[in-house]
Amino acid sequence: MAFTMINLPYDKKDLEPYMSEQTFDYHYGKHYKTYVDNLNKLVAETEFEKMPLEEIIRKTAGKPEYTAIFNNAAQAWNHAFFWKSMCKNGGGEPKTELKQRLEKDFGSVAKFKEAFKLAAVGQFGSGWAWLVDNAGKLEVMKTANADNPIAHGLKPLLTVDVWEHAYYLDYQNRRADFVEAFLEQLVNW
Ligand code: MN3
């Protein structure tokens, strides 16, 4: 049983003009594929071969001897979660229950968005920004490279990929504009 890519939950053109088909050709078709392919090569005939991705991530996090497996397992998980964090005709208002939780823990949806943008734009170099559930409290966090909330015992609820390959074709160096479009036009509440 090998790890497989998830199917995109929309067509590659559905998120245009905010995320182009060309970006999906590279990001989904090449970057994401490489992580899944590399993971399959690395775990073949090891104890990790038949584990769920989340379990591989928890078992390899912070262990230098498993860095390559962690990086590829986490990136396979992160990308699948990122594809599902977006949808056709996304953006708008969060659903009622999430909206109430964001208001409770951040003060307002606008304040959550500010915190999320700050994390996404402030992540130096490659990484991810997240909305997470930390024992019932919603929080924003950023992680570097392949790192993710599962490795820290937190439950991810939403993510944006801020590696340059996620936005460079559509936004060049304007990461803030990409994150703004993610929150206003792409996010799948
Ligand atoms: Mn990526």
Out of (1) assigned to a loop (DSSP other than H, G, I, E, B); (2) free of Cβ contacts under 8 Å to residues at least 12 places away in the same chain; (3) of a type in the set (A, V, I, L, M, F, W, C), the odd one out for ALA110 is which?
-> (1)
Is it the case that segment 127-148 has a residue that's buried (at least 19 other Cβ atoms within 10 Å of the Cβ), within 16 Å of the ligand (Cβ to nearest atom) and either among the acidic types (Asp, Glu) or farther than 30 Å from GLU21 by Cα (or both)?
-> yes
Please tell me if VAL109 is out of contact with any Asp or Glu (no Cβ under 8 Å at 6 or more places or on another chain), under 22 Å from GLU184 (Cα atoms) and surrounded by 15 or more Cβ atoms within 10 Å (Cβ to Cβ).
-> no
Could you tell me whether segment 9-32 includes any residue that is among the small types (Gly, Ala, Ser), more than 13 Å from the ligand (Cβ to nearest atom) and out of contact with any Leu (no Cβ under 8 Å at 6 or more places or on another chain)?
-> no
When restricted to LYS95, LYS88, LYS104, the only residue open to solvent by 60 Å² or more (accessible area, probe 1.4 Å) and within 19 Å of the chain's Cα centre (by Cα) is LYS88
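Among the strands (runs of 3 or more DSSP E) confined wholly to segment 115-184, which include 2 or more residues that are over 23 Å from PHE24 (Cβ atoms) and out of contact with any helix residue (DSSP H, G or I) (no Cβ under 8 Å at 6 or more places or on another chain)?
Details: elements: 127-134, 137-144, 155-161.
Hits in segment 115-184: 127-134.
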Quick check: anything in segment 75-89 more than 16 Å from the ligand (Cβ to nearest atom), more than 16 Å from ALA146 (Cβ to Cβ) and among the small types (Gly, Ala, Ser)?
-> no
Matching residues in segment 149-164 - criterion: being open to solvent by less than 40 Å² (accessible area, probe 1.4 Å) and either more than 21 Å from THR60 (Cβ to Cβ) or away from the ligand (no atom under 16 Å from the Cβ) (or both) = PRO149, ILE150, ALA151, LEU154, LEU158, VAL160, VAL162
Which members of segment 136-174 meet the condition of being free of Cβ contacts under 8 Å to residues at least 24 places away in the same chain, in contact with a Gly (Cβ under 9 Å, 6 or more places away or on another chain) and not polar (S, T, N, Q)?
-> LYS142, ALA144
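Any residue in segment 170-178 that is at pLDDT 95 or above and over 28 Å from LYS12 (Cα atoms)? Quick ask: steps written out before the conclusion?
Taking segment 170-178 first, the residues at pLDDT 95 or above are 170-178.
Narrowing the set further to residues that are over 28 Å from LYS12 (Cα atoms) leaves none.
Checked against the condition, which is being at pLDDT 95 or above and over 28 Å from LYS12 (Cα atoms), segment 170-178 yields no hits at all.
The values are calculated or read from the model by the stated rules, or taken from the named source; none is laboratory data. Everything quoted here is computed from the prediction, not taken from an experiment. Every residue, glycine as well, gets a Cβ built from its backbone with ideal geometry; the counts of neighbours run over all protein chains shown. These accessible areas exclude ligands, DNA and RNA; they are computed on the full protein's heavy atoms, side chains included. Shrake-Rupley method; radii C 1.70, N 1.55, O 1.52, S 1.80 Å.
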